[in-house]
Amino acid sequence: MLLSNELLAEPQPAVAFHWLRVGHCKGPEAMARQGGKLKLIEFPSYVGAIHHPYHGWTLFDTGYSQHFFDATRRVPELLYRSTLPVTLPEHEHLPRQLAALDVGVDDVRRIVVSHFHGDHVGGLLDHPQARIIAGGSGVQHALSLRGISAVRHAILPALLPTDLRDRHDPVEGFAEVPIAGGPAAGGLRGWDLLGDRSLLAVDLPGHMPGHLGLLFTSGGRQVMLVGDAAWTTRSYREAKPPSRLAKQIMHDWDATVATLQTLHALDAAYPDLLILPAHCPEGAEAWAAGSPR
Ligand SMILES: [Zn+2]
């Protein structure tokens with residue numbers, strides 16, 4: 001790969017960032033990473049809460065919520081919850097954690113959705129005023145599925161706001177910024193969400209249609225939230241794709257593997273970059289260890 005010397009042509013204006021744990025499910029380690037064990041481990045769902053001094057609060061995903069439990073009470077949706085049992089302790093509810101940061105539900109101006117799996121969009125209904133930034137194909141795909149075929153794709157239609165189309169800002173409508181030289185140089189496509197390059201949505205194809213990450217600078221570090229483009233830190237460090245078990249739920253397997261290899265290369269090339277998968281406790285510890293208190 002011919003990654004450019006710089007991740008970005010110019011430094012980014014800094015934002016404040018909180019990486020919040022919002023519930024977890026249990027599944028076999030072997031699902032997340034080829035070579036992993038069969039024992040059950042916790043997969044927490046992390047949510048990014050980002051504050052820009054002028055543009056206010058942005059969320060990256062929303063984790064689990066009470067709506068998730070309501071939406072999975074009956075068959076066929078119950079199949080989702082019984083395959084991967086979910087726990088959401090009281091103190092991890094997102095509205096509660098946001099309130100502790102002095103953020104009201106309507107203070108959230110925009111939510112960047114990595115993809116529309118139930119564990120990432122559980123809290124969309126709690127923010128009826130927020131704009132929803134997502135890949136165009138991701139929204140189309142999520143809205144096209146019903147009943148058992150939705151559940152087979154881990155989509156829970158009851159979690160999608162009825163005005164999703166009206167509040168959706170397709171990421172493709174924002175100005176493009178190349179990351180690490182852009183795709184032609186082995187890097188990635190980025191989109192400038194706030195017009196000052198402080199928040200760059202990142203094209204991370206494969207896991208689901210329109211799958212996105214988010215790149216910003218906080219606490220003196222460059223941080224890339226990668227959603228489910230990697231399930232654990234080890235997966236991108238060792239460039240180990242998910243198991244064949246998980247292969248069935250990937251939208252595009254070849255793109256999933258290629259994106260993981262790109263993350264592996266970025267991690268090796270830019271030691272200051274912290275890559276945070278949505279379900280990785282090790283990543284959350286690495287952020288907490290280096291973040292200002
Ligand atoms: Zn997920």
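The values are calculated or read from the model by the stated rules, or taken from the named source; none is laboratory data. In this text the structure is predicted, and so the values were computed from the model without any measurement. In this analysis, Cβ positions are derived from the backbone assuming ideal geometry, glycine residues included, and neighbour counts consider all displayed protein chains.
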Identify, please: which residue in region 20-60 is crowded, with 20+ Cβ neighbours inside 10 Å and among the aromatic types (Phe, Trp, Tyr) and is, among those, nearest to the chain's Cα centre (by Cα)? Phe60
Any residue that is at pLDDT below 95, touching a Lys or Arg at 6+ places or on another chain (Cβ under 9 Å) and not polar (S, T, N, Q) - is there at least one of those in region 247-259? yes
In region 71-129, what residues are under 18 Å from Leu156 (Cα atoms), assigned to a helix (DSSP H, G or I), away from the ligand (no atom under 16 Å from the Cβ) and among the hydrophobic types (A, V, I, L, M, F, W, C)? Leu78, Leu79, Leu125
Looking at (1) under 17 Å from Gly227 (Cα atoms); (2) of a type in the set (A, V, I, L, M, F, W, C); (3) touching a Phe, Trp or Tyr at 6+ places or on another chain (Cβ under 9 Å), find the lone condition where Phe116 falls short. (3)
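Checking the conditions here, which among Gly190, Gly195 is in a loop (DSSP other than H, G, I, E, B), at pLDDT 95 or above and not β-branched (Val, Ile, Thr)? Even if it seems obvious, please write down each step before you answer.
Working: Gly190 fails: in a loop (DSSP other than H, G, I, E, B).
Selected residue: Gly195, the only one of Gly190, Gly195 that is in a loop (DSSP other than H, G, I, E, B), at pLDDT 95 or above and not β-branched (Val, Ile, Thr).
Taking region 198-210 as the region of interest, how many residues are away from the ligand (no atom under 15 Å from the Cβ) and assigned to a loop (DSSP other than H, G, I, E, B)?
We begin by selecting, within region 198-210, every residue away from the ligand (no atom under 15 Å from the Cβ); these are 198-203, 205.
Restricting the remaining residues to those that are assigned to a loop (DSSP other than H, G, I, E, B) gives 198-199, 205.
Looking only at that region, the number is 3.
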Which residue pairs have Cβ atoms closer than 7 Å, lie 6 or more positions apart in sequence or on different chains, and pair a first residue in region 17-33 that is under 10 Å from Leu84 (Cβ atoms) with a second residue that is part of a helix (DSSP H, G or I) and of a type outside the set (Ser, Thr, Tyr)? Met31/Leu245; Met31/Ala246
